[in-house]
1. Which numbered condition trips up Val88, out of (1) away from ligand 2 (no atom under 16 Å from the Cβ); (2) touching a helix residue (DSSP H, G or I) at 6+ places or on another chain (Cβ under 8 Å)?
2. Would you point out the residue of segment 103-144, among those that are among the basic types (Lys, Arg) and within 16 Å of ligand 2 (Cβ to nearest atom), that is farthest from the chain's Cα centre (by Cα)?
3. Check Phe130 against each of (1) open to solvent by less than 40 Å² (accessible area, probe 1.4 Å); (2) within 17 Å of Ala257 (Cα to Cα) and name the one condition it does not meet.
4. When the residues of segment 213-227 are filtered to those that are farther than 23 Å from Leu155 by Cα and of a type outside the set (S, T, N, Q), which remaining residue is surrounded by the fewest Cβ atoms within 10 Å (Cβ to Cβ)?
5. Taking segment 315-344, which residues are of a type in the set (Val, Ile, Thr) and surrounded by 14 or more Cβ atoms within 10 Å (Cβ to Cβ)?
6. Can we say Tyr86 is in contact with a His (Cβ under 7 Å, 6 or more places away or on another chain) and not acidic (Asp, Glu)?
Amino acid sequence: MRAVQLTQIGEPVEDADVPIPEIGPADVLIRVAAAGICHSDAHYRAGISQIDSLPLTLGHEVAGHVEKVGAQVANLAAGDRVCVHYLVTCGRCDFCKRGQEQFCRHVQMIGKDRDGGYAEFIKVPGANAFPLPDEIPFDVGAIIMCSSATALHALNKARFKAGESIAIFGFGGLGFSALQLARAFDCGEAYVVEINRAKLASAATTGAIAVDARAADPVQQIKEATAGRGVDVALELIGSAKTMRQAVLCLGALGRAALVGLTAESMSIHPYTELINKEVEIIGVSDHLATELPTLIEFARSGKLQFPPETLRVVDLDAAQISAALDSLQDSIDHVRTVIIPKA
Ligand SMILES: [Zn+2]
Ligand SMILES: [Zn+2]
C-alpha cells in the first residue's frame, strides 16, 4: 500500500510502498478515507517531540471504513464508518483502571509511537475505532479527534457548566472548536482574545465578544465588560506565559483557568491576591479521554460542532503535497485544517 513516512528527523516526509498491516485478534484494519495534518506532525518532523523509531507513518487524526476485523472484535464489522481515538492504552494499569487512560504506563500515540494514517490502511485496536455517523463527513470525523477532543477535555477539566462565562485565549484550531463546544454547553458570554485581526473578525461573526489584545490589556477589557467580576472559565490555547497569566487574572471568584497551550516559559502568579483570596484554580490539560469522544461525535452529528468547507483544505496522499502542508503549518495563523484524502 502507499504510505507517507518520516524517515529522518528534520527532512521532508517520503512516499513509501509498505505492506498492508496484519491485524491481530483485537484489531481492526481501516481503509483511510481522511487523515488530518496536525501541528504535532510538524513538531515530530522537526524533532521538537521525540520520535523513538523511524521510519514512521505519521497521522493521528484518522477516519475511514473498516476493512477487516479481528476475531475478538464484536462491535464492528467490515464496511462500518469509523473515526480513530489516537491513544492506544493497555487497559490494565492503575491509570487505565481509574479511567485516566491518557496517563497509561504503556500508552502509544498513533502516528508517533506506532504507524498512523498517512497511508491507504491503518491497523488500530478495535477499542480505538469509534462509529462515525453518516451525517459527519470523513474529513470532519478525522479532525475532531484531535483539537476538538482536546478542547472538549479542557472544558470538562475546567468543569464548565451551562450559563458560565468563558474567555478563550487564541482562536486557532483549538479555539475554533472550543467556542462552538462552549456554545454546545449553553455558555454565557464568550470572549475571544486574539491579536490577529482576521481571527477577531471571525470570532465576532459567530457572536463571541472579540477582545483585541493589541488595543489594550485583555484582562482590563474583560474586567470592564463584566463590571469587574471577571469570567468563570478561561482557556489558554496559545502557549505563552503572558497569556497564561492573563487567563488566570481575568477570572472572577471561584474561576478556573485551563491551560492547554505548550510553553517552556515560567509563569508568575501572586499567590494571595491572584489565586488564594479568589479561590481560583489553574488546571493543566493534556489530550482527552476515550469516554469523552461519544459526546464530541454527537455534537458534530447534531451540527453543534461544524467545520464549514472554507475551514478545510484537501491534499492527496502524496509526500510533496503533505510536506508543503506541514511547512505552511509552521507559521500558519488561520484555523484552516488540511486533510489528506487518498485518491482511489
Ligand atoms: Zn492533531
Ligand atoms: Zn494502561
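1. The failed condition is (1).
2. So, considering only residues that are among the basic types (Lys, Arg) and within 16 Å of ligand 2 (Cβ to nearest atom), the one farthest from the chain's Cα centre (by Cα) is Arg105.
3. (2)
4. Going through segment 213-227, the residues farther than 23 Å from Leu155 by Cα turn out to be 214-217, 220, 224, 227.
Retained after the next criterion (residues that are of a type outside the set (S, T, N, Q)): 214-217, 224, 227.
Details: Arg214: 10, Ala215: 10, Ala216: 11, Asp217: 13, Glu224: 10, Ala227: 7.
Checked segment 213-227; the qualifying residue surrounded by the fewest Cβ atoms within 10 Å (Cβ to Cβ) is Ala227.
5. Residues satisfying the conditions are Val315, Ile322, Val336, Thr338, Val339, Ile340, Ile341.
6. yes
Yes/no matrix, rows are residues, columns are (1) touching a Cys at 6+ places or on another chain (Cβ under 9 Å); (2) surrounded by 24 or more Cβ atoms within 10 Å (Cβ to Cβ):
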residue: Val233; (1), (2): yes, yes
residue: Ala247; (1), (2): no, yes
residue: Ala253; (1), (2): no, no
residue: Thr263; (1), (2): no, no
residue: Ser266; (1), (2): no, no
residue: Tyr272; (1), (2): no, no
residue: Val280; (1), (2): no, no
residue: Glu292; (1), (2): no, no
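Yes/no matrix, rows are residues, columns are (1) touching a residue at least 12 places away in the same chain (Cβ under 8 Å); (2) in contact with a helix residue (DSSP H, G or I) (Cβ under 7 Å, 6 or more places away or on another chain); (3) of a type in the set (D, E, K, R); (4) over 14 Å from Ala35 (Cα atoms):
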| position | (1), (2), (3), (4) |
| --- | --- |
| Cys104 | yes, yes, no, yes |
| Ala127 | yes, no, no, yes |
| Gly141 | yes, no, no, no |
| Gly163 | yes, no, no, yes |
| Ile166 | yes, yes, no, yes |
| Leu174 | yes, yes, no, yes |
| Ala184 | yes, yes, no, yes |
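The values are calculated or read from the model by the stated rules, or taken from the named source; none is laboratory data. These numbers come from a predicted model, not from an experiment. A quick note on method: Cβ atoms are made from the backbone with ideal geometry, for glycine too, and the neighbour counts reach across all protein chains shown. Note: areas computed on protein heavy atoms with side chains; ligands, DNA, RNA excluded. Shrake-Rupley method; radii C 1.70, N 1.55, O 1.52, S 1.80 Å.
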